[in-house]
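Everything on this sheet refers to the single structure shown next.
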Amino acid sequence: MDHSSAASDRAEGETSAAIRAGLARVLDSDAFRAAPQLSAFLGFVVERVLAGRGAELKGYTIAVEAFGRPSDFDPQADPIVRVEAGRLRRTLAQYYAGEGASDAVRITMPVGAYVPVFELAEHGPAETAAPVRPMDEKSMAIPSPTPGGLRESQSRQERQIARRWPVMAGMALCLGLLSLTAWYLGLIHGAPGPGAGTLPESSARMAVMGAGPAFQDVPLEPTVVAVSMPDLPDDPAITALGRRFSGVLVDALSRFDDLVTVRVPPVGQAPPANIDYIFETMGQRIDGSIESFGRLRSVRDGRIVWSASSTRALAAEDGDLPDIARRLATRLAEPFGIIHADIRQNPTSGPMRCIYQAIDARSTMTSEDHLAARKCVQELIDRDPTFYPAWIQMTFLSLGEYTSGLNPQAGSPLDRALSAALTAVRLAPSSGRSMQAMMEALFARGATDEAIKAGREALTRNPFDSDIMASLGGHYIQLNRPAEGLPLVQRAIELSAGRPPAYDFFALLGAHLLGARQLANGHGAFLAADENLYALLGRAIQGMQDGNEAGKAEAIATLRKRFPLFETQPRLWLMRRGFGSEVMDRILADLGILHP
């Protein structure tokens with residue numbers, strides 16, 4: 001067997017499907033169902049290799065992203081990965097010596113490395129086996145299952161998933177609260193897909209992935225996430241906790257109605273068809289504790305998008321359970337959350353590609369991204385004028401024409417924004433995001449009292465949405481009401497998985513207006529490497545606070561170069577972005593900028 005596999009190469013086609021079918025068989029075995037940490041370990045390393053990221057499989061990465069160790073984990077001091085790797089090798093060997101002896105795919109982990117190696121076995125008189133590695137096109141000429149054999153393996157995998165679903169996803173949300181409690185306390189970190197928690201370099205590349213008539217055969221529906229109610233009759237205490245947890249989680253997820261559609265299959269049934277993601281967990285009771293892990297899995301290709309694990313004592317009552325479920329819902333579904341990051345990195349031809357592209361354009365604030373997003377969203381509206389998430393995003397894109405001069409069209413962008421917001425509210429009157437769009441449209445028109453009322457209503461409809469919190473809090477700060485706005489922005493920052501620079505800018509500005517210099521500097525540190533206009537303005541303010549004249553001058557010069565209106569009419573430039581007179585005067589005075 002060749003152990004020098006190039007882990008950064010991507011497995012494709014039938015090979016990947018066969019490997020995932022083999023992984024499903026292993027995870028369905030008694031040995032692995034009884035060892036969720038080993039299951040998490042194996043699933044994590046296999047999916048990383050299939051994604052072409054095998055080179056990342058080091059002790060630190062596995063400890064933090066698969067086992068949930070904190071970011072200060074020291075692999076030299078804590079041998080957890082080496083110990084678990086030894087357990088995994090032994091358990092795999094036992095599995096393939098027993099119930100997995102006839103498996104079409106064998107997974108092994110050579111000693112001295114954490115990168116798995118795969119074998120596609122051809123059972124017959126000769127009993128031969130061929131090693132499989134993540135390969136490039138040149139090396140894909142390896143023995144692989146026949147089409148019929150592959151279909152049989154895939155069918156077997158589907159049956160196994162269907163049988164396992166009530167247990168995995170059922171134990172799920174009840175046992176998920178255990179792993180997610182540790183996540184909530186900051187003791188473990190989820191393992192999001194590539195790019196989670198980061199801002200995109202350019203959302204326009206999503207349009208390239210889906211160029212052409214992308215939506216002709218795709219139903220216009222937000223991302224569909226399946227959540228299963230727990231069914232654990234042998235452990236009524238855990239069943240009760242799980243049902244409570246899953247009920248809160250489903251309620252919180254459903255508030256993000258413009259971004260996700262939540263489906264809950266009946267107890268004991270397989271997940272419904274045509275879903276995009278499944279949230280599932282596995283776990284076991286060990287004495288008075290429960291060892292568990294939770295994960296979000298992409299149905300389209302089987303990738304593990306996010307995972308977390310923990311061990312926790314099983315208490316009769318868990319008062320923090322609802323808050324944990326709601327925080328999880330926010331992390332998964334918020335506009336800059338884990339699902340968004342996954343779709344950004346793995347674009348599809350579905351309508352949500354356009355929605356998230358528009359959200360990214362609000363963060364990058366470049367003409368290229370704005371134009372690509374507007375074209376994509378307009379295609380959605382043309383195809384289905386009742387698809388309200390598109391109208392919501394068209395509100396924000398139209399406001400970009402006014403506030404930043406991005407790709408102006410004929411007519412009033414403020415009128416177009418208000419019209420789009422009214423349409424969104426008419427189509428989805430109970431949606432928190434529709435009311436957020438209305439808040440933004442009204443605020444840009446100077447109707448600040450009505451805008452604040454709309455923002456409060458939006459937050460009432462979805463009190464778990466970090467973007468609504470940050471937007472409403474930012475507007476309070478722009479109106480020189482930082483005592484009201486700063487707590488909202490700070491809460492949004494606490495909840496958000498991948499916040500845009502605007503969040504930290506408004507936190508910095510609110511703290512600056514309140515004279516909280518240390519707090520302002522803390523948020524300013526997150527703006528150091530970004531070229532977003534809010535990051536530049538924040539660096540200028542922080543440079544003034546710190547006496548860093550060179551840093552302040554550089555940020556101001558960049559703003560003047562990128563936004564000519566900032567140089568000629570800085571007050572008008574700020575006014576178009578919603579800043580009130582008192583705050584505009586304060587900013588310009590602090591920066592030493594004279595204005596007409």
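The values are calculated or read from the model by the stated rules, or taken from the named source; none is laboratory data. Values in this document were obtained by computation on a predicted structure and should not be read as measured data. No Cβ is skipped: glycine too gets one built from the backbone with ideal geometry, and neighbour counts run over all protein chains shown. Please note that ligands, DNA and RNA were not included when accessible areas were found on the heavy atoms of the full protein model with its side chains. Shrake-Rupley method; radii C 1.70, N 1.55, O 1.52, S 1.80 Å.
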Solvent exposure, largest accessible area first (probe 1.4 Å, DNA, RNA and ligands not counted), of Lys561, Lys58, Lys552: Lys561, Lys58, Lys552
One finds, for Met575 and Glu379 with R0 = 25 angstrom and r their Cβ-Cβ distance, a FRET efficiency to the nearest 0.05 of 0.15
Would you mind listing how long the stretch 13-120 runs along its three principal axes, going by Cα atoms, in whole Å with the largest first? 41, 29, 22
J(HN,Hα) series, the stretch 460-465, from Karplus relation 6.51 cos²θ - 1.76 cosθ + 1.60, nearest Hz, glycine and proline x: 5, 6, 9, x, 10, 8
At a 1.4 Å probe radius, which order do Arg90, Arg456 fall into by accessible area, largest first? Arg90, Arg456
